[in-house]
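The values are calculated or read from the model by the stated rules, or taken from the named source; none is laboratory data. Nothing here was measured: the structure is a model prediction, and the numbers come from that model. Glycine also receives a Cβ, built like all others from the backbone with ideal geometry; neighbour counts cover every protein chain displayed.
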Amino acid sequence: MERYTESARYIRELIGDRQPEILMILGSGLGFMAEEIEDGVSIPYSDIPHLRVSTVDGHAGKLVVGKLEGVCVMVMHGRMHCYEGYTPQEVSYPVRVAKLLGVNAMIVTNAAGAVNRSYSVGDLMLISDHIRFMGTSPLTGANLPEFGPRFCDMSNVYTKSLRETAKSKAKEMGIELREGVYFYCAGPQFETPAEIRAISVLGGDAVGMSTVFEATVAAHCGMKVLGISLMTNMAAGIIPDSVLDGVDVLEAAEKAKDGFSALVRACVPYLR
Ligand code: HPA
């Protein structure tokens, strides 16, 4: 608890009387939104006591606190992943720091592979729920009751009312929005075609290497969560004889960024 408090105190000193209401964790391709924050204070992760540093290309590693759509947000430009060698606790650490700073809602975005054969590259998917069979829980170890209960309900991690809002905003904007289950795989290698067939049978619509730990910790401390995935590729084996490449993933994310960011922006005022 002391570590979380120290991190929060450090950030509080730098952001002054800005009161962030939403934590935004931006996945591959959406990082540029951090540059669109008005009246922002930018803090490198490496300066914040106890925070880990993101090591992946396209993940800048800084926290920006300022206004987006008139709402004070705390943006993580770059996130940590377990495949970088971090534990689920380290990956989700900033969520609890945000909670201590008074944040009660989170928008989390990611790049994902489409498992559902009716999806296409470039589609956006609202996360209705997730499956995480790999890796330990970020809630493993002594419970901190200041954040939430030992046994945490996971029935409504991705807040229904926010999903309804996102759907109606998408409709208004003429953006097609899928809704489905995000299946976590630890990576960093992409999945095998056999793994993707298994994931499909188990109920996954999209597969990715992030999000579930942050969402679990957010649910534990009572935050509302909106999760949106961008399909940057069809998952392994869905298209016969194709190969997956991380560069293609980033390129697909880059192409889809306008619609993705427009939808995220439209939802921001409804999360406060
Ligand atoms: N698998 C896992 N993570 C991903 C993928 C994928 O196919 N695409 C983007 N992130």
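Data for the structure
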read-out	value
Every residue from the range 130-142 that is among the β-branched types (Val, Ile, Thr) and either within 12 Å of the ligand (Cβ to nearest atom) or within 18 Å of MET209 (Cβ to Cβ) (or both)	ILE131, THR136
Count of residues meeting criterion [within 16 Å of the ligand (Cβ to nearest atom) and either under 20 Å from the mean Cα position of the chain (by Cα) or surrounded by 13 or more Cβ atoms within 10 Å (Cβ to Cβ) (or both)] in the range 152-192	13
Lone unmet requirement of (1) out of contact with any strand residue (DSSP E or B) (no Cβ under 8 Å at 6 or more places or on another chain); (2) closer than 22 Å to VAL247 by Cα for PRO49	(2)
Filter pass, GLU6 being acidic (Asp, Glu), farther than 23 Å from CYS221 by Cβ and part of a helix (DSSP H, G or I)	no
Hits in the range 86-117 - residues which are in a loop (DSSP other than H, G, I, E, B) and free of Cβ contacts under 8 Å to residues at least 60 places away in the same chain	TYR86, THR87
The range 162-198 - residue that is among the aromatic types (Phe, Trp, Tyr) and in contact with a helix residue (DSSP H, G or I) (Cβ under 6 Å, 6 or more places away or on another chain) and, of those, nearest to MET134 (Cα to Cα)	TYR184
The range 116-129 - residue that is of a type outside the set (D, E, K, R) and within 13 Å of the ligand (Cβ to nearest atom) and, of those, nearest to VAL264 (Cα to Cα)	MET125
Residue in the range 195-206 that is within 15 Å of the ligand (Cβ to nearest atom), assigned to a loop (DSSP other than H, G, I, E, B) and surrounded by 24 or more Cβ atoms within 10 Å (Cβ to Cβ) present	yes
GLU35 being modelled with pLDDT under 90, out of contact with any Phe, Trp or Tyr (no Cβ under 6 Å at 6 or more places or on another chain) and outside any loop (DSSP other than H, G, I, E, B)	yes
Filter result (small (Gly, Ala, Ser) and either more than 16 Å from the ligand (Cβ to nearest atom) or not in a loop (DSSP other than H, G, I, E, B) (or both)) within the range 65-85	GLY66, GLY70, GLY85
Complete set of residues in the range 225-272 that are in contact with an Asp or Glu (Cβ under 8 Å, 6 or more places away or on another chain), within 15 Å of the ligand (Cβ to nearest atom) and either in a helix (DSSP H, G or I) or among the aromatic types (Phe, Trp, Tyr) (or both)	LEU250
Hits in the range 87-115 - residues which are within 16 Å of the ligand (Cβ to nearest atom) and either on the phi > 0 side of the Ramachandran plot or small (Gly, Ala, Ser) (or both)	ALA111, ALA112, GLY113, ALA114
Single condition VAL95 does not satisfy, out of (1) more than 14 Å from the chain's Cα centre (by Cα); (2) buried (at least 22 other Cβ atoms within 10 Å of the Cβ)	(1)
